[in-house]
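Please treat every number below as a calculation from the coordinates, not as lab data. In this text, all values refer to a predicted model and were calculated from it rather than measured experimentally. Cβ placement follows ideal geometry from the backbone for every residue including glycine, while neighbour counts extend to all protein chains displayed.
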Amino acid sequence: MDEVLTAADVAASNALAGDALPPSLSSNLPLVSALLAFSIAQFLKLFTTWYKEKRWDSKRLLGSGGMPSSHSATVAALAMAIGLQEGLHSSSFALAVTLATIVMYDASGIRLHAGRQAELLNHIVCELPPEHPVSNSRPLRELLGHTPLQVCAGAILGCIVSILMKNSV
């Protein structure tokens, strides 16, 4: 006679055999740290924008650019959490640090200059006469990248979040 196993039977037999079920995503320290650092950085942009421009801009919650860099916070938190969890000698840590370096370099270099070019192009288009074919084109996004200070602030935030998450577990 064929025996039918239910999910509860499999779970019970795994528990008896000492095989733990795979942990949930919420217990993944690097992932949770990265997502939390990103969320905090995006939330902080509301206040840094208000401090600088004296106005509330809810678009900053989802937009790129600004203080602190949420991209930098995310990859720094990921690298720090992996380093704390698996050690600085692990291949995962080496991969995460390499990724973080590339992302932060891109944010403060290429994307920053692309944003400055967009700002200049938008200014030039505004100066064109109304009959020019490009004069009514939609403006380019200018807030693309970050200053080195914004990148450093994001990286520090990400590291702090990972350390606090590790200490709270």
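Residue order for S27, S39, S108, fewest other beta carbons within 10 angstrom first, comes to S27, S39, S108. Extension gain for N122 to L88 (0.36 nm times residue separation, less C-alpha to C-alpha distance): 7.7 nm. Panel order for C126, C159, by other beta carbons found within 10 Å of each beta carbon, from fewest to most: C126, C159. Computed extension length for L31-L164: 46.5 nm, one decimal, from 0.36 nm per residue of separation with the Cα-Cα distance subtracted. When H146, H89 are sorted by how many other C-beta atoms sit within 10 angstrom of their C-beta, beginning with the fewest, the order is H89, H146.
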